[in-house]
Amino acid sequence: MNAPKPPFRRKGALQISEVANGIIDPVLARRAGISTALLGSWDEIAGEDFADCTRPEKIAWSRYNDGYSEGGHQPGVLTIACEGSRALFLGHAQGELISRINGFFGFPAVRQIRIVQKAVSQTFKHPRKLQPLKGDAAKRLEGMMEGIESEALKKAVARLGTAVLQQKRK
């Protein structure tokens, strides 16, 4: 009988995510007790009700036996950042969320959730208005756009060229 072939892998080639996770995971584990796998899967764990307004911050593992020990492992307390009034609803759904988190880990990793109210979603900063180019830079950009017929493409290239050719203010 022939054994199935392993998937093709180039010798020495690694994905960037593997390298980054290898570097970041030990730091996250030491500082916050969580991993990039938990952060990456948080949307699925939290569900559509809480994915956009919550973020796991850290897991505090107990340093002494407080009665929750199960086979030498003591479940921790997960701190979750939650936005405003959604924290009340998250408080009511704690039991279900704890079971989802423990299901993700495959063992009882969390016994309690601590909710901290703070902003979670990233606020989008609008880019500053670009000043029109002057002098040689403007002539250079016009020369680069001579062959472009589409007006929409021409405007997009002009914005990009202006941003690239504009000198940084100090």
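Kindly indicate whether any position in the range 25-44 is of a type in the set (F, W, Y), at pLDDT 85 or above and in a helix (DSSP H, G or I).
Yes.
Six or more apart or on different chains, Cβ atoms under 8 Å: show the pairs whose first residue is in the range 40-51 and acidic (D, E) and whose second is open to solvent by 60 Å² or more (accessible area, probe 1.4 Å).
D49/F89
Check the range 130-144 and report whether any residue there is surrounded by 15 or more Cβ atoms within 10 Å (Cβ to Cβ) and at pLDDT 90 or above.
Checked the range 130-144: no residue is surrounded by 15 or more Cβ atoms within 10 Å (Cβ to Cβ) and at pLDDT 90 or above.
Select from the range 95-119 the residues that are part of a helix (DSSP H, G or I) and of a type in the set (V, I, T) and write down the one among them that is least open to solvent (accessible area, probe 1.4 Å). Spell out the reasoning first.
Going residue by residue through the range 95-119, those that are part of a helix (DSSP H, G or I) are 95-105.
With of a type in the set (V, I, T) added as a condition, the list becomes 98, 101.
Working: I98: 29, I101: 1 Å².
Result: I101.
The values are calculated or read from the model by the stated rules, or taken from the named source; none is laboratory data. Quick caveat, the model's predicted, so the values are computed rather than measured. Heads up, the Cβs are rebuilt from the backbone with ideal geometry, glycines too, and the neighbour counts pull from every protein chain shown. With ligands, DNA and RNA removed, areas are computed over all heavy atoms of the protein, side chains included. Shrake-Rupley method; radii C 1.70, N 1.55, O 1.52, S 1.80 Å.
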